[in-house]
1. Give me the number: length gained by fully extending residue 391 to residue 202, i.e. 0.36 nm times residue separation minus the C-alpha to C-alpha distance, one decimal in nm.
2. Using 0.36 nm times the number of residues separating residue 143 and residue 3, minus their current alpha carbon distance, what extension gain do you get?
3. Please say if the range 220-287 is rounded, prolate or oblate, where rounded means a/c under 1.5 for a ≥ b ≥ c the square roots of the C-alpha gyration tensor eigenvalues, and otherwise the choice is prolate for a/b larger than b/c and oblate otherwise?
4. Contact order normalised by length for the chain, with contacts defined as Cα pairs under 8 Å and 6 or more residues apart; what percent is it?
5. For residue 268 and residue 317, FRET efficiency with R0 = 30 Å and r from the beta-carbon atoms, rounded to 0.05?
6. To check my understanding: the extent here is largest minus smallest coordinate of the Cα atoms along each principal axis. What are those three numbers for the range 107-389, in Å, largest first?
7. Classify the range 81-217 as rounded, prolate or oblate, taking a ≥ b ≥ c as the square roots of the eigenvalues of its Cα gyration tensor: rounded when a/c is under 1.5, otherwise prolate if a/b is larger than b/c and oblate if not.
8. Using 7 Å Cα-to-Cβ label points, what is the residue 97/residue 134 separation (nm, one decimal)?
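Nothing in this text is a laboratory measurement; each read-out follows from the coordinates by a stated rule. Keep in mind that this is a model prediction, so the values were computed, not measured. A quick note on method: Cβ atoms are made from the backbone with ideal geometry, for glycine too, and the neighbour counts reach across all protein chains shown.
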Amino acid sequence: MSSRVRIDIPAESGFGPEHLPYCVFSPAGEQPRVGARLGDSIVDLAVALDDPMFAQPSLNAFMAQGPGIWSEVRQRLQAAADGEFPAAAVHAVSAVELRLPIEVADYVDFYASLDHATNAGRIFRPDAEPLLPNWRHLPVGYHGRAGTVVVSGTEVIRPCGQRRTASGTPDFGPSQRLDIEAELGFVVGAGSVRGEPVGTGEFADHVFGVALVNDWSARDIQAWEAQPLGPFLGKSFLTSLSAWVTPLDALREARIPLPDQDPPPLPYLQDRAPWGLDITLRVEWNGHLVATPPYSRMYWSPAQMLAHMTVNGASTRTGDLFASGTVSGPEREERGSLLELSWGGTEPLEVGEAKRTYLEDGDEVVITATAPTASGGRITLGEVRGVIAPARY
Ligand code: MN
């Protein structure tokens, strides 16, 4: 008979049975496979649940099964959590390599924070209304580059490009205004049919879970190229995604009312029971906490983002990722980008002993987050981490 083990879950770990985020991991020398986290351990689901659907290099096959199977698997894991698992199914998180958890189909990035959009408007267009006329009517977004979404921990090679200079003409070289954007990403599990918009009430039929995102941004490249079209090379070089996808069900207790929307949105963006999420992000720069962006303040809900993304008849696919846009609050220490924290580079901030505006080579940024649970504790969303490497030419 094969041996069985019990998994100890440290108090306050943030990874108890009420969380159970999923990952793709490679045990030493083995093919990548799907796991779920309990404490500091990963449970190999293909072994523990005896199901080859999990012996895959991404979550996509599992996600494509839809919400009935998602909740069935979660219930089986929760029922098993305080018992014993086959020893062959249990690995230490520290002993394995974590991979990109999903095969990213399409990637969309929104701009759903009123505080971020207002700050960015004030910085980029100081003499105009900070919000453009469409902002309170639709969740502004753009299609990004799915092929450069990478797992947390991947090095961030400083991008080169045309940089706006004070003279008004561009030069070429490494970005000198390399920035972060602290965001929450939503992962589509079950896709939708082209021509059939996904209503705000159908969010949970399609969205599998959430993961932290750092949408690295080169502000000097962005400021020059994005006239009049939106983000392009200033964003597409890299987007980091956490290795851990938190199931939507684990955030049930984090649901909160949305802030008031004025004017009321058009009917297709209205929701009978609108909700936001009480998730607090933490941004650490070289080990120093520099911001605590509150997701609770986001103006547009995740359901509104998905409804808007599909209202023209565009379909979604398993593995689609749509991110919220930078999460910012009204206070300085709640801003989720260095653009805002340094107010366009004009107000350096203290990073430990150093005074800094944008990222330097060798800098490390780690974004984490927590959300409330039914028992009064908090779950910890899996971190997204990146270190800046020098430009390659
Ligand atoms: Mn972004």
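1. Working: separation 189, 0.36 × 189 = 68.04 nm, distance 4.37 nm.
Separation in residues times 0.36 nm, less the Cα-Cα distance, equals 63.7 nm.
2. Numbers: separation 140, 0.36 × 140 = 50.40 nm, distance 4.88 nm.
Working it through step by step, the gained length comes to 45.5 nm.
3. Working: a/c = 2.42, a/b = 1.28, b/c = 1.89.
Verdict is oblate for the range 220-287.
4. On the way: 992 pairs, mean separation 84.2, N = 393.
Dividing the mean separation by the residue count of the chain yields 21 percent.
5. Working: r = 21 Å, r/R0 = 0.71.
So, using R0 = 30 Å, E works out to roughly 0.90.
6. Each principal axis gives a Cα extent; for the range 107-389 these are 50, 42, 34 Å.
7. On the way: a/c = 2.46, a/b = 1.44, b/c = 1.71.
Here the range 81-217 falls in the oblate category.
8. Using points 7 Å along Cα→Cβ, the separation is 4.2 nm.
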